[in-house]
Amino acid sequence: MKNAFMQFLREASTSLQYRNIKLYCAGAVISLFGSMMSESMIAWVAFKLTGSTAVLGTVMSCYMLPMILASIPGGWVADRFNRKKVVLTTQAIALCIALSYVAMAALGTISMGGIYLLSALLGVTVAFEMSSRMAMLPSLVDDPKHIGNAFALDSLIFYGCRLCGPAVGALFLVTGNPVWGFAVNAASYVLELFFISRLKTAAPPAKSAKEDRDSLKEAFAFAYGNARRRQVMVLLAVTTFFGVYIQLMPAFTALRNGTALTNGFLIFASEIGAVVASLLIANKMTDSSDPSRVKAMRRGIGWAGVIFSVCLALFATAQSVWLSLLLMVPVGFAMSAIFSGAQAVLQVEVEDRMRGAFTAMFYNFAYFGMLALGGPVLGYLASVFGLPATTCGAALCCLLASGLYLRQDSKATPN
């Protein structure tokens, strides 16, 4: 049993054999931990300042909408300039934003205006950083068949940090002074700048203006011109839009008469499931050149949507904190399986020359963009119809989309 588990872990971490991936993952773990901790603290502070569920979606929109607007320029930059330098520059800017939160918390001047402004600035920064980071990732592995595993590991780090970050952020909030939590986030950027600076990468080949325009068109055609890829993108977009729950977690916590600690551990439970799903996908995508693995992953995405829909509706109606914690595990598992699986099956097929443009479309039109739209919409509907009813209705929409995906996937022809 122990040997089988160790073999599973070795296969799931196949791409860690490369020096660049080790450095990349070390920096990503540190930076994302700080970011996730800070994000949960900001959401809780905003909720406490206003007592409104709608403001949670508004804060997210102030972060997401600028990201969406800057996504296409971000993809253009990723395909034209040195991706490592872009990541270093954007991380330095993010450090300055993190230090601004430290200053406001230390001086006791945190306000909704300050949160909105810094969220918008960070959104623009992340739009450029994310496209270049994801476009750079395949160049960090020597064997193309390990690209899928590298992206799955990146998702594992993302969800692993969401597992620990909010829980630690809750501990800082319990002390009554969030300044130290924001300071830890700022320090994490310094460490990531060190690790990223040690990566050995090459700049993308120079392009003409016409080639830039063509790469954007080709990236759009790649994502939406093929039936199977379009189905994956649409399912991810629908479940992300209607499946908003992390952003509304302070409101769910309040319904259960919970505290900041309760809020942190509800997110913690969700990310336990997400980490397990990401680890499973990393194992299954050890060799992304195997068509049978990719086919199974596509099918699994649809069934993950079904599980997500059912468990989200049950969570919305649960009264007990303990039952809510248990239900958060499969909710997080399924959402991670959809996102990580979609990223793995699509990124292994895209050509490097348009990877930046495609990454911008994937993250900002099918994921972050839908969070930006879904957050305020569901937040508003929750304030009108109540959070449980709104979430159950949204879960039904996710279930219908998942069923349609499974039906179409069984009929669609590959490529």
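Indicate the gyration tensor shape class of the stretch 28-77 (rounded, prolate or oblate), computed on the Cα atoms with a ≥ b ≥ c the square roots of the eigenvalues: a/c under 1.5 is rounded; otherwise a/b larger than b/c is prolate and the rest oblate. Walk me through the numbers before you get to the answer.
Working: a/c = 5.00, a/b = 1.39, b/c = 3.60.
It comes out oblate by the Cα gyration axes.
With K and R counted +1 and D and E -1, the other residues having a Cβ less than 12 Å from that of R83 yield a net charge of +2. What number comes out for the charge environment of G332, summing +1 per Lys or Arg and -1 per Asp or Glu over other residues with Cβ under 9 Å away? Charge balance near G332 sits at 0.
Which links in K200/K295; K85/K284; K22/K84; K85/K200 stretch past 22 Å when you go from one Cα to the other? Mind showing how you got there, number by number?
Values: K200/K295 33 Å; K85/K284 32 Å; K22/K84 15 Å; K85/K200 11 Å.
K200/K295; K85/K284, as the Cα separations exceed 22 Å there.
Residue by residue, the stretch 360-370 carries 3J(HN,Hα) couplings of 4, 5, 4, 6, 9, 9, 9, 10, 4, x, 6 Hz when phi is fed to the Karplus relation 6.51 cos²θ - 1.76 cosθ + 1.60 (θ = phi - 60°); x denotes Gly or Pro. Relative protection proxy for 97-104, 350-357, from highest mean packing down: 350-357, 97-104 (other beta-carbon atoms within 10 angstrom).
Exposure proxy ranking for L406, L163, L156, based on other Cβ atoms within 10 angstrom of each Cβ and starting from the fewest, stands as L406, L163, L156. The mean sequence separation of alpha-carbon pairs under 8 Å and at least six residues apart, normalised by the residue count of the chain, gives a relative contact order of 29 percent. Modelled label positions at M112 and L171, each set 7 Å beyond Cα in the direction of Cβ, lie 3.2 nm from each other. Of L396, T317, Y363, which is farthest on the positive side of the dipole of the stretch 258-415, counting Cα position, with +1 on Lys and Arg Cβ, -1 on Asp and Glu Cβ, and the Cα centre as origin? Selected residue: L396. Considering only C-alpha atoms, what is the centroid distance from the stretch 292-329 to the stretch 73-90, in Å? What the calculation gives is 35 Å, centre to centre. Name the residue, out of S71, S131, S52, whose mean-square fluctuation peaks in a Gaussian network model built on the chain with Cα pairs under 10 Å. With Cα springs under 10 Å in the chain, the top fluctuation among S71, S131, S52 is at S52. Cβ under 11 Å from M36's Cβ, M36 left aside: what net charge do those residues give with Lys, Arg +1 and Asp, Glu -1? In short, -1.
Within straight-line reach of K217, meaning a Cα separation under 18 Å, sit the following lysines at least 8 residues removed in sequence or on another chain: K207.
Values in this text are rule-based calculations from the coordinates and carry no lab data. Predicted, not measured: the structure shown is a model, and the values here were computed from it. Methodologically, a virtual Cβ is constructed for each residue, glycine included, from the backbone with ideal geometry; neighbour enumeration extends over all protein chains shown.
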